[in-house]
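Only one structure is covered here, and it is reproduced in the block below.
The values are calculated or read from the model by the stated rules, or taken from the named source; none is laboratory data. Treat the numbers as computed from the prediction; the structure is a model and nothing was measured. Cβ coordinates were reconstructed from backbone atoms using ideal geometry, including for glycine residues, and neighbour counts include every protein chain displayed.
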Amino acid sequence: MAIRVMLVDDQVLLRTGFRMVLAAQPDMEVVAEAGDGAEAIDILRATAVDVVLMDVRMPKLDGVEATRRICAQPEPPKVLILTTFDLDEYAFSGLKAGASGFMLKDVPPGELLAAIRSVHSGDAVVAPSTTRRLLDRFSPMLPSGTPEPQHKDIAKLTEREREVMLLVAQGLSNGEIAGRLVLSEATVKTHVGRILTKLSLRDRVQVVVLAYETGLVRAGGGAG
């Protein structure tokens, strides 16, 4: 079955460009388009979608609030935020709202397609280096300058799981973590899965968000 994609952007020209790229793929199909968040939510009530490419700044209902409402629904589609450097503050808010990741609007077509496939499979959404670089920019934009209270379930993590979590939060890939801790990639993947389950998180991007919010990782990528 082809990956069913929805394009949400108030610029028709951008939607047309994305649609042309996706239509050339045998495993993807654009099943819906919307010009703002409110329209997207209405369409999703009657249309089955696997992945939503969500713009941020739109009229009526912006992408962050639309993402929050979509992700609050049972079995929601994955949401991939599309942003530009001048919208950094919105990208972090989008992740907090439940988006599985974010990409820049000028991303090369190959990277966009790879991201859609990764999101659909439940894997990592953005390159660890991109996560690391952009979240360093987002950290000062958090609502409070002090860490939020420690997540109550972090205490459930084993010492090794906490170690893996800190490395994930610093933007390292599974392969890099495996090399750092002298483990196999399969073992690291197992640890990451247990971390997500224990902390009730969707994916490794949310691990990064949680680590920054609780002060486990400081701006600049170091452990807190």
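What to note about this one:
- Some residue of the range 55-67 being at positive phi and either surrounded by 21 or more Cβ atoms within 10 Å (Cβ to Cβ) or not in a helix (DSSP H, G or I) (or both): yes
- Filtering the range 190-224 to residues that are polar (S, T, N, Q) and either surrounded by fewer than 18 Cβ atoms within 10 Å (Cβ to Cβ) or at pLDDT below 75 (or both) leaves 190, 197, 200, 214.
- Long-range neighbours under 8 Å by Cβ, at least six apart or interchain, first residue within 14 Å of residue 196 (Cα to Cα) within the range 144-161, second modelled with pLDDT under 90 and not in a loop (DSSP other than H, G, I, E, B): 151/210
- Each residue in the range 133-189 was checked for being outside any loop (DSSP other than H, G, I, E, B), at pLDDT below 60 and loosely packed, with under 12 Cβ neighbours inside 10 Å, and 1 pass.
- Taken over the range 20-50, the residue count meeting the criterion of being assigned to a loop (DSSP other than H, G, I, E, B) and touching an Asp or Glu at 6+ places or on another chain (Cβ under 8 Å) is 2.
- Hits in the range 167-195 (condition: among the aliphatic types (A, V, I, L, M) and under 20 Å from residue 156 (Cα atoms)): 167, 168, 169, 188, 192, 195
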